[in-house]
Amino acid sequence: MKLAVVVSRFNTEVTGGLREGAKKVFQEKEIPLSNITFIDAPGAFEIPLIAQTLAQSKKYDGVICLGCVIKGDTAHFEFISLGATMGIQQAMLSTGVPIAFGIITTYTDEQAVVRSAVKGEHELHNKGREAALACIETIETLRKI
């Protein structure tokens, strides 16, 4: 299985945890890191185009998108979150390649830290982990159809 992982450089303290959560899944599923391509994106809004381009390349069985948008004092949060969500969905449906949504959208920094934890009681709820598992399961399901 060959996968691409697109990770936002914005909020790196959180997205780094999401990346590590995904890496742990690859280790558990015995997918060698040599089969994984990691791509940095400037922010969450740019992820859909990068993911779509990766999916269109036909080099990958799936793409995992990891990012973090934390609500501030303006409507920017809503626009970025909706744009990233709809863009990833559109990219997946137009290419037919599984593209997992691992962009967390939280109201506080604390919520983001919990959802990206790589150790402790919240580790199994790491959204990078969940996105990697969802992508792999979707690939396996499509192979059976």
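Let me make sure I get this right: for region 96-143, a, b and c are the square roots of the gyration tensor eigenvalues over alpha carbons, sorted descending. Under 1.5 in a/c it's rounded, otherwise prolate if a/b > b/c, else oblate. Which is it?
Oblate.
Could you check the simple spin-label distance between residue 142 and residue 122, using points 7 Å along Cα→Cβ, in nm with one decimal?
3.1
Relative contact order, percent, of the chain when contacts are C-alpha pairs under 8 Å separated by at least 6 residues?
In percent, rounded to a whole number, it is 31.
Which of these, 126, 11, 35, has the largest mean-square fluctuation under a Gaussian network model of the chain (Cα springs below 10 Å)?
Of 126, 11, 35, the most mobile in the Gaussian network model is 35.
Can you give the extra length, in nm with one decimal, that the chain gains between residue 93 and residue 58 once fully stretched, where that is 0.36 nm per residue apart less the Cα-Cα distance?
Length difference between fully extended and current span is 11.1 nm.
Does region 40-115 classify as rounded, prolate or oblate by the C-alpha gyration tensor (a ≥ b ≥ c root eigenvalues; a/c under 1.5 gives rounded; else a/b over b/c gives prolate, otherwise oblate)?
prolate
Search the structure for amide H atoms under 5 Å from the amide H of residue 40, placed 1.01 Å from N in the peptide plane, and list their residues when 5 or more places away or on another chain.
Those lying under 5 Å, H to H, from residue 40 are 7.
Could you compute how fast the chain diffuses translationally, taking Rh as the Kirkwood radius over C-alpha pairs and applying Stokes-Einstein at 4 °C with viscosity 1.567 mPa s? Give it in µm² per second.
Translational D for this selection: 87 µm²/s.
Between residue 73 and residue 110, what's the calculated FRET efficiency when r is the beta-carbon distance and R0 is 25 Å? Round to 0.05.
Working from the Cβ atoms, E equals 0.90.
For every other residue with a beta carbon closer than 9 angstrom to the beta carbon of residue 21, add +1 if it is Lys or Arg and -1 if Asp or Glu, then tell me the sum.
+2
Lys and Arg at +1, Asp and Glu at -1: add these up for the other residues within a Cβ distance under 11 Å of residue 104 and post the number.
Net local charge, residue 104 excluded: +1.
For region 1-112, with only Lys/Arg (+1) and Asp/Glu (-1) charged at the beta-carbon, what is the dipole magnitude about the Cα centre, in debye rounded to 20?
So the dipole magnitude of region 1-112 works out to roughly 480 debye.
Which residues make up the longest stretch of the chain clear of GluC sites (Glu not before Pro) that lie in a DSSP loop with no more than 11 other Cβ atoms within 10 Å, not counting the sites?
31-120
Using a 1.4 angstrom probe on heavy atoms only, work out the carbon and sulfur share of the accessible area of the chain in %.
56
Just the accessible area per residue of the chain, please: how many Å² with a 1.4 Å probe?
Using a 1.4 Å probe on heavy atoms only, each residue of the chain averages 54 Å².
Could you count how many Lys pairs in region 2-131 have their Cα atoms under 16 Å apart, skipping same-chain pairs fewer than 8 positions apart?
The result is 10.
The values are calculated or read from the model by the stated rules, or taken from the named source; none is laboratory data. What you see is a predicted model; the values in this text were computed from it and never measured. Cβ: placed from backbone, ideal geometry, glycine included. Neighbour counts: every protein chain shown. Note: areas computed on protein heavy atoms with side chains; ligands, DNA, RNA excluded. Shrake-Rupley method; radii C 1.70, N 1.55, O 1.52, S 1.80 Å.
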